[in-house]
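Chemist: Okay, here's the structure, questions in a sec.
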Amino acid sequence: MSPDVLLLIEDELDHVDVIVRALRKAGVEAEILVARDGQEAIEMLGLDLADHEPAAPMLPRAIFLDLKMPRVDGWEVLQRVRASRRTAAVPVVVLSASDRPQDIQRSYALGANSFLLKRFDPRGPGTYLAEAAHYWLELNQPPASAAEKFHWRLPAH
């Protein structure tokens, strides 16, 4: 079995660096793929073809998603992830600097599994993100009907 994959969708290089270092320091062994904006994420997930469900080469175990990004924002990515049968069950953790109630509400209304504020963590940079990753990668049990979808490499047709 291939290792678990975590897809981090984040446009700020400083944030990517902090998140990846925190995950590694906390012992998260999943492969971490980074999409620098929503459009790149849509392409990586194979969601860029209208009404087509391709056998994309990558399906993450969990997605960490920034909301405010160039080209395609996080809400659009979240809508597309939830609209696809192939990705609908993948847990999505929204990461945002915004604590506006309407942003939180909209994220959950579109199907986010969790909403985390980007914040200073006195235990060390990104510790709370590492805890969230451990939860979604190791503790959470996917629905039985979707369990087979969490293999990061799909069989070729």
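The values are calculated or read from the model by the stated rules, or taken from the named source; none is laboratory data. Since we're looking at a predicted model, the values are computed, not measured. Cβ coordinates were reconstructed from backbone atoms using ideal geometry, including for glycine residues, and neighbour counts include every protein chain displayed.
Chemist: Scan segment 120-132 and give yes if some residue there is buried (at least 18 other Cβ atoms within 10 Å of the Cβ) and either at pLDDT below 70 or touching a His at 6+ places or on another chain (Cβ under 7 Å) (or both), otherwise no.
Modeler: For segment 120-132, residues buried (at least 18 other Cβ atoms within 10 Å of the Cβ) and either at pLDDT below 70 or touching a His at 6+ places or on another chain (Cβ under 7 Å) (or both): present.
Chemist: Here is a follow-up. Which condition does GLN39 not pass, out of (1) within 15 Å of the chain's Cα centre (by Cα); (2) over 19 Å from VAL90 (Cβ atoms), if it passes all the others?
Modeler: So GLN39 meets the others, but not (2).
Chemist: Does VAL93 meet the test of being surrounded by fewer than 22 Cβ atoms within 10 Å (Cβ to Cβ) and not charged (D, E, K, R)?
Modeler: It is true that VAL93 is surrounded by fewer than 22 Cβ atoms within 10 Å (Cβ to Cβ) and not charged (D, E, K, R).
Chemist: Please specify each residue of segment 95-110 satisfying the condition of being in contact with a Leu (Cβ under 6 Å, 6 or more places away or on another chain) and either under 21 Å from LEU7 (Cβ atoms) or hydroxyl-bearing (Ser, Thr, Tyr) (or both).
Modeler: Scanning segment 95-110 gives LEU95, SER96, LEU110.
Chemist: Can you tell me which of (1) part of a loop (DSSP other than H, G, I, E, B); (2) under 17 Å from the mean Cα position of the chain (by Cα); (3) of a type in the set (A, V, I, L, M, F, W, C); (4) modelled with pLDDT under 90 is the one VAL90 doesn't meet?
Modeler: (4)
Chemist: Then there is this: Given the conditions (1) farther than 21 Å from TYR135 by Cα; (2) assigned to a helix (DSSP H, G or I), and given that LEU47 satisfies all but one, which numbered condition is not satisfied?
Modeler: (2)
Chemist: Give me the residue from segment 98-116 that is of a type in the set (A, V, I, L, M, F, W, C) and out of contact with any helix residue (DSSP H, G or I) (no Cβ under 9 Å at 6 or more places or on another chain) and, out of that set, surrounded by the fewest Cβ atoms within 10 Å (Cβ to Cβ). Even if it seems obvious, please write down each step before you answer.
Modeler: Going residue by residue through segment 98-116, those that are of a type in the set (A, V, I, L, M, F, W, C) are 104, 109-110, 112, 115-116.
Restricting the remaining residues to those that are out of contact with any helix residue (DSSP H, G or I) (no Cβ under 9 Å at 6 or more places or on another chain) gives 104, 109.
Details: ILE104: 16, ALA109: 10.
Per the stated criteria, the residue is ALA109.
Chemist: If you go through segment 45-59 one residue at a time, do you hit one that is buried (at least 16 other Cβ atoms within 10 Å of the Cβ), within 18 Å of VAL5 (Cβ to Cβ) and at pLDDT 90 or above?
Modeler: Within segment 45-59 (the criterion being buried (at least 16 other Cβ atoms within 10 Å of the Cβ), within 18 Å of VAL5 (Cβ to Cβ) and at pLDDT 90 or above), the answer is yes, since at least one residue qualifies.
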